[in-house]
Amino acid sequence: MTDQFEPTIIGFTCNWCSYRASDLAGTARMKYAPNVRLIRLMCSGRLDPTFVLRALSEGADGVMITGCHPGECHYIEQNYKALRRFLLLRRVLTGLGIEPGRVKLVWASAAEGARFASETTTFVEEIRKLGPLNWGKDDDGPQTADDGKSSIVHGQEMEVPA
Amino acid sequence: MTEKIGVYVCHCGSNIAGVVDVEDVAKWAAEKLGHQGVVVARDYKFMCSSLGQELIEKDIKELGLTRVVVAACSPHLHEKTFRIAAQNAGLNPYLVELASIREQVSWVHTDKAVATAKSKAVVSGAVSRVIENAPLDEIKVPINPNTLVVGGGIAGIQSALEIANAGFHVYLVEREPSIGGHMAQFDKTFPTLDCSACILTPRMVEAGTHPNITLLTWSEVVNVAGYVGNFNVTIKKKARFINEELCTGCGICQEKCPKKVIDDVYEAGLGYRKAVYTPFAQAVPNFPVMDKENCIYFEKGTCKACEKFCPTNAIDFNQQDELINIDVGNIVLATGYDLFDARRVSNYGYGRLPNVFTSLEFERLSNAAGPTTGNIVLRDGKTVPKSVGIIHCVGSRDRNFNNYCSVICCMQGLKFAHLVHERTGATVYNFYIDMRTAYKAYDEFYQRVLEEGTLFVRGKVAEVTDAARYSNERGKLIIQTEDTLAGKQRRIPVDMVILSSGLEPRHDAREVGKLFGISCSMDGWFTEKHPKLDPVSTMTEGIYIVGCAQGPKDIPSSVAQGAAASARVLDKILQKEVALEPIKATVNKEMCSGCRICNGLCPFNAIAFLADDNVSEINPALCQGCGTCVAACPAGAISGTGFSNEQIIAQIDGLLMRNLEPVEA
């Protein structure tokens, strides 16, 4: 193993499009970064923002939310609701001093295995640049190794746009 | 209660075991997740095999397992298999979780150590989650035996006939005045050169007169509610302005109508129809419709020639659009395709150079019942071409338009070559990039066309122009192309160019998809449940897709699909009831504050506000289980079965290995 920081990322996928995109990436044997661990929801609209906060506070360095393309939702329009929540959540994260870039929204249809794979790899790279989050480092849980990179300057992100 | 969990790690031959150390994963699960209740962890070559399933069933019975985690493939493939296995052993099927370590791990990662570590995390997530799973019972609902078929082309007709012949009622809805679809426009069909009308019209008549088929032409579906077995569909029957009870189909109204209209639909713009018309002589049903847009009476308030001459007083200018409400159990979508608009390939000159024709125009030109009674002539209506160029792959296999192959165009181009040759003796050139003549007797047809002397040039045509450079090109259309077999640039002057245009999804396919709650691929074709093993089902149970609505295909494939979907429908009808996924949301009235945030979020109108109690209530029959209301409820009063907050949070913790026994750092 190299010294490269390997982020842990939780991915939320919807049952109808993006989970199937991840299945397709598998069936097509497309290689992508192994850092994302997926949770299947019925719809991206099911994503409670607290799930994202929970993941980040329990040791995830990033969270990827994926759903059907706007207009292609199996539940007609619930991904638009996920989009709204995502935008609000990013603001909340900024307020909490967490780079909003740690949470990413990806639209991937069931046919877009390649997109799922490439977006995952890109996101892992982005998180790698941000470094570990270590949000739960005061906790005494098992996954709390502090490598001293946790002092991230949040100055810019603290400025919430009007 | 402490759970007894069994973890089963599948090798999937070498599919998983080649990349993941499955023995290690099983051993690790037994050791590190023991405190969570894992009492047994095994690996096996093929978990989905009957022996693998027996292994699980045996453990459930002998060890008294209360939860099962199978680390194998995607739940979309085998979740059902293992749920049934659990059920056979007396365990509620919803107490089984799949951890996908094939599609999510072994197939997409290469490093064995990394893949094994990730597999452990995925298993750990599933173990944590399964503890929070609750036993669920499937909801059984009765199946309405009636079926709706949307689209009256050959695929829809076949589907309707199969179901009707089995003794069940079918509503066949078609937006045009007659069924028949594109096939009714053709003269000959490849490779047998069967006369299209000769094989189609008996089917059309059968569908039109079948006691089990209610034919609703000139009608469109405007609303779909409900779910498998219990759809409620609203159909708009557009006003024909003809009383169907009185009309005998004599055709006098069409004769007397003074208004000629270019027929863009059936005649592909090459011929005329009247303002009151049946699209073609063999139309089913044989009642005309009044085209309100073009009727002189509707434009100016005078005329009524049709009414004056109608011998049975069937003309009714006061008719209104009518909304029909029907209940059906299953829906078959056979909405077909649109022809690629050749104007978009501007360098081929369609729309600008008169003697460039589209494939549908040529079909009408060669049709004995068409505008030229089957004479293949130039746009002037009389000159017989001495040379004809047929360009393949127009709008298909082209990054600028559609990447996909439209399947039928090669064979169609060959058919055109044969017809031109047979009827005019003209020299025919086929410009192709690859010749695709797969399926029975197709390549034989290609050989036949070759023997007839059709010339084949391989290479993508760059341009069709009327700018002559040489004297022999004057007055001709020049096809500029590279001949990639001979390695030469060629300019080939011809009298007529036929563009073998590709197929595209119907222009309104996305809206139709939304109406029926099914999705479209990036190209716009309706998405099937599985491209190989379930090509006629969709992700929405009870809705099937057949013919070109699913993707480009020829007549035999459309017919086969129409029949295949009917088999699915009949299977559902004969089961009399269907088990719905119990994944539904419910409101805990004790906790509900009556804020009504959820009411507006539900796209299925499943949430009602009970003003008297100041609480909201979810109708489980309408709830589709998306969970948006669960996520939005500020009081946490809504819970979603199968995907509860507890389950998801447990899975997050498990995936992040927060559930491990505290061990030394």
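Filter the stretch B:487-528 down to residues that are within 14 Å of chain A (Cβ to nearest Cβ), of a type in the set (D, E, K, R) and not in a helix (DSSP H, G or I), then give me how many there are.
Summing the residues that are within 14 Å of chain A (Cβ to nearest Cβ), of a type in the set (D, E, K, R) and not in a helix (DSSP H, G or I) in the stretch B:487-528 gives 3.
Within the stretch A:1-23, which residues are more than 7 Å from chain B (Cβ to nearest Cβ), buried (at least 24 other Cβ atoms within 10 Å of the Cβ) and hydroxyl-bearing (S, T, Y)?
Those that are more than 7 Å from chain B (Cβ to nearest Cβ), buried (at least 24 other Cβ atoms within 10 Å of the Cβ) and hydroxyl-bearing (S, T, Y): A:T13, A:S18, A:Y19.
Determine if the stretch A:72-90 includes at least one residue that is more than 7 Å from chain B (Cβ to nearest Cβ), in a loop (DSSP other than H, G, I, E, B) and farther than 18 Å from B:V630 by Cα.
No, there is no match, as no residue in the stretch A:72-90 is more than 7 Å from chain B (Cβ to nearest Cβ), in a loop (DSSP other than H, G, I, E, B) and farther than 18 Å from B:V630 by Cα.
Being over 15 Å from B:Q254 (Cβ atoms) and surrounded by 14 or more Cβ atoms within 10 Å (Cβ to Cβ) is the filter here, so list the residues in the stretch B:298-313 that pass it.
If the condition is that a residue be over 15 Å from B:Q254 (Cβ atoms) and surrounded by 14 or more Cβ atoms within 10 Å (Cβ to Cβ), then B:F298 is the only one that fits.
Kindly provide the set of residues from the stretch B:393-408 that are closer than 18 Å to B:T358 by Cα, of a type outside the set (S, T, N, Q) and open to solvent by 10 Å² or more (accessible area, probe 1.4 Å), ordered by number.
Of everything in the stretch B:393-408, those that are closer than 18 Å to B:T358 by Cα, of a type outside the set (S, T, N, Q) and open to solvent by 10 Å² or more (accessible area, probe 1.4 Å) turn out to be B:C393, B:R397, B:D398, B:F401, B:C405, B:V407, B:I408.
How many of the residues in the stretch B:641-665 are more than 7 Å from every other protein chain (Cβ to nearest Cβ), closer than 23 Å to A:N79 by Cβ and surrounded by 20 or more Cβ atoms within 10 Å (Cβ to Cβ)?
Qualifying residue count for the region: 2.
Taking only the stretch B:296-343 into account, find how many residues are part of a loop (DSSP other than H, G, I, E, B), more than 26 Å from the chain's Cα centre (by Cα) and of a type in the set (A, V, I, L, M, F, W, C).
Of the residues in the stretch B:296-343, 4 are part of a loop (DSSP other than H, G, I, E, B), more than 26 Å from the chain's Cα centre (by Cα) and of a type in the set (A, V, I, L, M, F, W, C).
Find all pairs meeting these conditions: Cβ atoms under 6 angstrom apart; at least six residues apart or on different chains; first residue within the stretch A:120-135 and at negative phi; second residue surrounded by fewer than 17 Cβ atoms within 10 Å (Cβ to Cβ) and in a loop (DSSP other than H, G, I, E, B).
Pairs found: A:R128/A:F5; A:P132/A:K149.
Tell me which residues, restricted to the stretch B:202-224, are open to solvent by less than 40 Å² (accessible area, probe 1.4 Å) and modelled with pLDDT under 95.
Matches in the stretch B:202-224: B:V224 only.
Among the residues of the stretch B:611-628, what is the count of those that are farther than 25 Å from B:P93 by Cβ and in contact (Cβ under 8 Å) with a residue 24 or more places away in the chain?
5
Of the numbered conditions (1) under 28 Å from A:A28 (Cα atoms); (2) buried (at least 19 other Cβ atoms within 10 Å of the Cβ); (3) free of Cβ contacts under 8 Å to residues at least 40 places away in the same chain; (4) not aliphatic (A, V, I, L, M), B:E79 satisfies every one except a single condition; which is it?
It is condition (2) that B:E79 fails.
Within the stretch B:30-58, work out how many residues are open to solvent by 40 Å² or more (accessible area, probe 1.4 Å), part of a helix (DSSP H, G or I) and of a type in the set (A, V, I, L, M).
3
I need the full set of residues from the stretch B:583-628 which are within 14 Å of another protein chain (Cβ to nearest Cβ) and either among the polar types (S, T, N, Q) or open to solvent by 40 Å² or more (accessible area, probe 1.4 Å) (or both), in order please.
Matches in the stretch B:583-628: B:I597, B:N599, B:G600, B:F604, B:N605, B:L622, B:Q624, B:T628.
Considering only the stretch A:24-51, state which residues are assigned to a loop (DSSP other than H, G, I, E, B) and facing chain B (nearest Cβ under 7 Å).
Listed by number, the residues that qualify are A:R29, A:M30, A:K31, A:Y32, A:P34, A:M42, A:C43, A:L47, A:D48.
Would you point out the residue of the stretch B:629-639, among those that are more than 7 Å from chain A (Cβ to nearest Cβ) and crowded, with 21+ Cβ neighbours inside 10 Å, that is farthest from the chain's Cα centre (by Cα)?
For the stretch B:629-639, the residue satisfying everything is B:A637.
List pairs: first residue in the stretch B:597-610 and free of Cβ contacts under 8 Å to residues at least 12 places away in the same chain and over 15 Å from A:Y75 (Cα atoms), second residue of a type outside the set (F, W, Y) and open to solvent by less than 50 Å² (accessible area, probe 1.4 Å) anywhere in the structure, Cβ distance under 9 angstrom, at least six positions apart or on different chains.
Qualifying pairs under 9 Å: B:A608/B:N599; B:A608/B:S616; B:A608/B:I618; B:L610/B:G594; B:L610/B:S616.
Can you name the residue in the stretch A:115-129 that is closer than 10 Å to A:P7 by Cα and among the aliphatic types (A, V, I, L, M) and is also surrounded by the fewest Cβ atoms within 10 Å (Cβ to Cβ) among such residues?
Ranking the qualifying residues of the stretch A:115-129, first place goes to A:V124.
For the stretch B:262-295, enumerate the residues that are hydrophobic (A, V, I, L, M, F, W, C), surrounded by fewer than 16 Cβ atoms within 10 Å (Cβ to Cβ) and closer than 24 Å to B:E322 by Cβ.
B:V265
Where residues in the stretch A:52-68 are open to solvent by less than 30 Å² (accessible area, probe 1.4 Å) and within 9 Å of chain B (Cβ to nearest Cβ), which of them is nearest to A:T122 (Cα to Cα)?
A:A60
The values are calculated or read from the model by the stated rules, or taken from the named source; none is laboratory data. Note that the structure is predicted; figures quoted are calculated from it, not measured. When we count neighbours, we look across all protein chains shown, and the Cβ atoms used for this are built from the backbone with ideal geometry, even at glycine. For accessibility, only protein heavy atoms count, side chains too; no ligands or nucleic acids. Shrake-Rupley method; radii C 1.70, N 1.55, O 1.52, S 1.80 Å.
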